[in-house]
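Report on the following structure.
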Amino acid sequence: MRVLQVGAGAVGAAAVSIAARRTFFESYVVADYSAGRADACVADDRFSSATVDASSPAAVADLCRARGITHVLNAVDPRFVMPVFEGALDAGADYLDMAMSLSTPDPAAPYSRTGVKLGDDQFALASTWTDRGRLALIGIGVEPGLSDVFARYAADHLFSAIEEIGVRDGANLVVDGHAFAPTFSIWTTIEECLNPPVVWERDRGWYTTEPFSEPEVFDFPEGIGPVECVNVEHEEVLLIPRWVSADRVTFKYGLGDEFIEVLRTLHKLGLSSVDPVRVGEVSVAPRDLVAACLPDPAGLGPRMRGKTCAGTWVRGVDAAGAAKEVYLYHVVDNEWSMREYGHQAVAWQTAINPVVALELLATGAWTGTGVLGPEAFDAVPFLDLLTEYGSPWGMRGRP
């Protein structure tokens, strides 16, 4: 396996630190628009750096050919998913990402029906990937990713019928010294939080609701406690129903009132827009300006305290026909991830999952062709290897 990782930001740098402790690959190229960021990720003589324009499929394909790449790991913002995806396909490499191609809301009824859904542009090319014998494993971060693996595990081993699968994400993280400091890419956060959330129901299919709708208080494990969660657009709702049978699939995120109010204010002021605005002699997208004004998530680790939890809540009936409810989850303590790896918890928790998936592909434990989500594979090898990496998962349940 010869890996090209496109992106050396917070998640990309964390992925390299995790991969550096494993032996499943022959070489690992870290590419970024910034030569300095890529160079800083070089861990040992198996690693090298490069610069690349992630908006250019040709540039990605050329780099793959020049370095003999077998697998491309996309670790850049979702706006670059399709160029990297297409570049890997053109070069004949397998592909993994942690976020899917972007959606476009229905122009007439954005809060009741879907337009172009997350991942639609990638699934449109599924037959081409299959015909070429190549695999695109999409949505293999933590959410989407590990949460989808949990859904497959629950369906295969815990339930005979599933009424609802609800991905629930919450944290008690605090960033000292900053009044507002998102722990993940603000570009991505704005995109997913302000777009119409998608819900899936067996009798209705995919439909949309208002942003931040259907608030509920979810009690997260390992000391995090109750957090109010709201509907947010997310890939799991577009992935899970394709491979796992359930009556309903949702995604809710614990954002907090202050965070929601900031996002709403950005939207009201037009600062969430990606359309360039001319200011004097310069044109800049308002969302890019917001991102530039906020601290880099990669540098927040030393100021962060607390834990982050990603997980999948499942309700249905067990093999005996009794009602059953479980929450399968993964918690990372920022103090631990900083001490052990030097990376903040949210980025590290996202990054470990594509590295685990790469190792499963390298050993042949996971195989496939076409455009597939994590649910298309056996969950047990993934969860076992995740534990071997030193990051065990948990399950809380009751009949």
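Close amide H partners of residue 141, meaning residues 5 or more places away or on another chain with modelled amide H under 5 Å apart, are 146. Charge tally around residue 273: other residues with Cβ under 11 Å, Lys/Arg +1 each, Asp/Glu -1 each, net -1. Computed over the alpha-carbon pairs of the range 337-389, the distance histogram in 10 Å steps reads 21, 50, 24, 5 percent, short to long.
How much net charge surrounds residue 95 when only the other residues with a Cβ under 10 Å from the Cβ of residue 95 are counted, with Lys and Arg +1 and Asp and Glu -1? Please list the in-between numbers first.
Details: positive: 134; negative: 86, 94, 97.
Local net charge: -2.
At 222 nm, what value in deg cm²/dmol follows for the chain if DSSP H runs of at least 4 each add -39500 (n - 2.57) and the sum is divided by all its residues, to the nearest 500?
Values: 14 runs with 134 residues, N = 399.
Computed ellipticity for the chain at 222 nm equals -9500 deg cm²/dmol.
Tell me the volume per residue, in Å³, of the convex hull enclosing the alpha carbons of the range 192-307.
Working: hull volume 18.6 nm³, N = 116.
Given the Cα convex hull of the range 192-307, per-residue volume reads 160 Å³.
For the range 82-120, chymotrypsin sites (Phe, Trp or Tyr not before Pro) meeting the loop criterion (DSSP other than H, G, I, E, B) and having at most 14 other Cβ atoms within 10 Å: 111. Restricting the GluC sites (Glu not before Pro) of the range 166-267 to loop positions (DSSP other than H, G, I, E, B) with no more than 16 neighbouring Cβ atoms within 10 Å leaves 222. The equivalent ellipsoid of the range 39-187 has semi-axes of 29, 23, 19 Å, largest first, where each one is the square root of 5 times an eigenvalue of the Cα gyration tensor. Please list, by residue number, every one of the chymotrypsin sites (Phe, Trp or Tyr not before Pro) in the range 136-244 that is coil in DSSP and has at most 15 other beta-carbon atoms within 10 Å. In loop regions of the range 136-244 (DSSP not H, G, I, E or B), the sparsely surrounded chymotrypsin sites (Phe, Trp or Tyr not before Pro) are 180.
Which whole-number percent gives the relative contact order of the chain, counting Cα pairs below 8 Å spaced six or more residues apart? Please report the intermediate quantities before stating the final value.
Details: 887 pairs, mean separation 78.3, N = 399.
So the answer I get is 20 percent.
Distances over 23 Å make up what percent of all Cα-Cα pairs in the range 239-325? All intermediate terms of the calculation are to be shown ahead of the outcome.
Numbers: 2062 of 3741 pairs.
Cα-Cα pairs of the range 239-325 separated by over 23 Å account for 55 percent.
For the range 245-399, relative contact order (Cα pairs under 8 Å, six or more residues apart, normalised by length) works out to 18 percent.
Let me know the shape class of the range 300-367, please: from the alpha-carbon gyration tensor, a ≥ b ≥ c as square roots of the eigenvalues, rounded when a/c is under 1.5, otherwise prolate if a/b is greater than b/c, or oblate. The shape class here is oblate. A simple spin-label model places the labels of residue 264 and residue 48 5.3 nm from each other, with each point 7 Å out along Cα-to-Cβ. A Cβ-based charge dipole, computed about the Cα centre of the chain with Lys and Arg at +1 and Asp and Glu at -1, lands at about 280 debye.
Please identify which residues in the range 206-234 have an amide N closer than 16 Å to a label point set 7 Å out from the Cα of residue 108, following the Cα→Cβ vector. Taking a point 7 Å out along Cα→Cβ of residue 108, the residues of the range 206-234 whose backbone N falls under 16 Å are 208.
Of the residues 209, 311, 96, the one whose Cα sits farthest toward the positive end of the charge dipole of the chain, with +1 on the Cβ of Lys and Arg and -1 on the Cβ of Asp and Glu, is 96.
The numbers here are math on the coordinates, done by the rules we state, and not lab data. Since we're looking at a predicted model, the values are computed, not measured. A quick note on method: Cβ atoms are made from the backbone with ideal geometry, for glycine too, and the neighbour counts reach across all protein chains shown.
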